[in-house]
1. Got a number for residues in the stretch 56-74 being surrounded by fewer than 20 Cβ atoms within 10 Å (Cβ to Cβ), part of a helix (DSSP H, G or I) and without any contact (Cβ under 8 Å) to a residue 60 or more places away in the chain?
2. Based on what the data block shows, is Ser181 of a type outside the set (Phe, Trp, Tyr), more than 22 Å from His148 (Cα to Cα) and at pLDDT 95 or above?
3. So for the stretch 241-255 (the condition being acidic (Asp, Glu), out of contact with any Ser or Thr (no Cβ under 9 Å at 6 or more places or on another chain), closer than 19 Å to Ala159 by Cβ and not in a loop (DSSP other than H, G, I, E, B)), does at least one residue qualify?
4. Would you confirm, using the coordinates I've provided, whether Thr76 is of a type outside the set (A, V, I, L, M, F, W, C), closer than 11 Å to Ala45 by Cα and touching a strand residue (DSSP E or B) at 6+ places or on another chain (Cβ under 8 Å)?
5. Give the stretch 284-309 a look and list any residue that's assigned to a helix (DSSP H, G or I) and under 16 Å from Val145 (Cα atoms), or say none.
6. Take Val123 and tell me if it is in contact (Cβ under 8 Å) with a residue 24 or more places away in the chain, assigned to a strand (DSSP E or B) and under 20 Å from the mean Cα position of the chain (by Cα).
7. Which of the residues spanning the stretch 213-225 are surrounded by fewer than 15 Cβ atoms within 10 Å (Cβ to Cβ) and either free of Cβ contacts under 8 Å to residues at least 24 places away in the same chain or among the basic types (Lys, Arg) (or both)?
Amino acid sequence: MFSVLVLAFLAGPAETEQLKVADGQVLIWRSHALQSGTSPAIERAYIMVHGTSRNAEDYYRWTRASAEAAGKLDTTVVIAPHFKARTAAGRGDEVEPGEWYWTNDAWKAGEAALNGKAFSFDVADRILECLNDPARFPALKEVVVAGHSAGGQYVQRYAAANKMEPKMRVPVRYVVANPSSYVYMSEVRMRQGGTCNERGDCSGTFIKYWDANNCTTYNDYRYGLEKLTGYAAQASAEQIREQFTRRKVTYLVGELDTRTDDPNLDKSCPANAQGAYRRERGAIFWNYMKSQLGAAHEFGIAPGCGHSAVCVFAGPAGVKAVFGAK
C-alpha cells in the first residue's frame with residue numbers, strides 16, 4: 001500500500017479553496033469544491049485535521065492517496081482544513097487578508113481566533129454545512145471527521161461539543177488518532193498505578209483523581225468539562241456528556257506510540273492524570289467511556305506504528321476505521 005501512496009503523492013496538483021467562515025475565511029485543501037457546483041458521485045466525505053505542525057497540504061495529499069489505495073477515491077471527497085497559527089507578536093504562518101488565525105494551542109480546542117470571534121470548531125461546522133447541501137452532494141451517505149495527534153485532540157473535542165451533527169441529513173463518524181490528551185466527561189480518572197488495554201481489561205478502577213489537590217486544573221477544559229471556554233462554552237457540561245456518549249467515535253493508537261520523552265507529548269499534570277503516554281491514554285479513555293458512561297465507542301491498535309499519521313491511517317486499522325474495510 002505504501003508504494004501506491006508514494007505514487008499517488010505525485011499524481012496531480014492538490015486543490016485549495018477559501019472557505020467562508022463567519023465574516024472571514026479559512027484555507028482548505030479539497031478534492032471537490034464545497035461552495036459551488038455539484039458532485040453527484042460522492043458518497044463519503046473524509047475530513048482530515050492536521051497535527052501541531054499545521055501541514056495541511058501534506059495531510060491532504062496522503063489522505064487522498066489513502067482513499068485512492070482503498071479504491072474509494074471516486075466516491076470520496078477529501079478535505080483538509082488549514083488552521084493557521086500566529087503568536088500575539090505576529091510570528092507564525094503567513095495569512096491572507098480576511099483569513100482567521102489562532103494560537104497553536106487555541107485551534108486544537110475550539111477557541112476564538114486571535115483576529116476575531118470565529119471559533120476553530122466553526123470551521124468544521126461550516127464544512128459539514130456545505131456537505132449537508134443536497135444540491136451539491138446529492139448522493140452523500142456519511143461524513144468521517146478524522147485527526148491525528150493535535151488533530152486528534154481537535155476531533156475528540158469537536159465530537160464532544162459540536163452542535164452541527166443533529167442538523168446533518170447523513171451520519172457523522174469521528175476517528176481520533178494518537179492525541180496527547182482527551183476531554184473527560186466527569187471528574188474520575190484511573191487510580192494510581194492502574195492501566196487498561198485494548199481488550200477492555202483494566203488493572204484498576206476509576207475514582208476521583210488521586211492527586212487532585214496538587215493538580216487543581218486536571219478537570220478544567222481541555223482535559224475535562226469544568227470551566228468551559230470558547231465554542232464548548234455554548235453548551236452545558238451535561239449536554240456535552242450526553243451527546244458525546246451517543247456519538248459514533250473510534251479511537252486509534254499506534255502500537256509503538258509509547259514514548260514518554262516525545263517533545264510534543266503533553267506532559268502537564270492534567271495530561272499525566274490520563275496516563276503516561278499516548279497509547280496508554282487512549283486505552284484508558286476508551287475503557288472509561290465504555291465502563292463509566294456505557295458508550296459504544298470503538299478502539300483499535302495500529303500494528304507497528306509509532307506516532308505516525310501515515311502509518312496509522314494508511315494501515316489496516318485506519319482503513320477499517322474510515323472506510324469500514326475488514
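1. Adding up the residues that qualify gives 4.
2. No.
3. yes
4. Yes: the conditions hold for Thr76.
5. Scanning the stretch 284-309 gives a single hit, Ala309.
6. For Val123, the condition - in contact (Cβ under 8 Å) with a residue 24 or more places away in the chain, assigned to a strand (DSSP E or B) and under 20 Å from the mean Cα position of the chain (by Cα) - is not met.
7. Asn213, Thr216
Quick grid of which residues meet (1) surrounded by fewer than 18 Cβ atoms within 10 Å (Cβ to Cβ); (2) touching a helix residue (DSSP H, G or I) at 6+ places or on another chain (Cβ under 7 Å); (3) within 30 Å of Lys208 (Cα to Cα); (4) not small (Gly, Ala, Ser):
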{"residue": "Asp266", "(1), (2), (3), (4)": "no, no, yes, yes"}
{"residue": "Gly275", "(1), (2), (3), (4)": "no, yes, yes, no"}
{"residue": "Arg281", "(1), (2), (3), (4)": "no, no, yes, yes"}
{"residue": "His297", "(1), (2), (3), (4)": "no, yes, yes, yes"}
{"residue": "Cys311", "(1), (2), (3), (4)": "no, no, no, yes"}
{"residue": "Phe323", "(1), (2), (3), (4)": "yes, no, no, yes"}
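The values are calculated or read from the model by the stated rules, or taken from the named source; none is laboratory data. Just so it is clear, the structure is predicted and the values come from calculations on it, not from any experiment. Every residue, glycine among them, receives a Cβ derived from its backbone with ideal geometry; neighbour counts consider all protein chains shown.
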